[in-house]
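Everything below concerns the one structure shown next.
Throughout, read-outs are computed from the coordinates displayed, never taken from laboratory work. Here the structure is a predicted model, which is why all the values come from computation and not from measurement. We place every Cβ from the backbone using ideal geometry, glycine too, and count neighbours over all the protein chains shown.
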Amino acid sequence: MPRLPATAIFLASLLLAGFAAATGSAADDQTPANESPAPPLRVKVTGGLLSVDARDAPLADVLRAVGEQTGIQVTIHSGGATRVTESFAGIGVGVDEGIQRLAGGYDVVLI
């Protein structure tokens, strides 16, 4: 059997190590078969009421999703990178109130 030069073996080892590092170990990313990772953002508008389930989602993404559901144009000047964890549904939260609730601590202008 022919012998491979040491540099070829070393290069093959580096490629395999890089592939293993890029894909992560199987134990690190295992999710039980009956559980799926929770989506970080769910937004729904029904009859003028807003339902939001956001888990560590950027405020800008949440407000844009609200805008897409309602047809409201959303412009964010600051605070868009702020992470939001908020959940409300079926409790009579109107769109205006929901936006104020989500963006608490920031000035919000609704036109």
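Structure values in brief
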quantity: Residues in region 61-80 that a label on T46 would reach, taking backbone N under 16 Å of a point 7 Å out along Cα→Cβ; calculated: 69-70
quantity: Ascending count of other beta-carbon atoms within 10 Å, so fewest first, for I111, I99, I76, I91; calculated: I111, I91, I76, I99
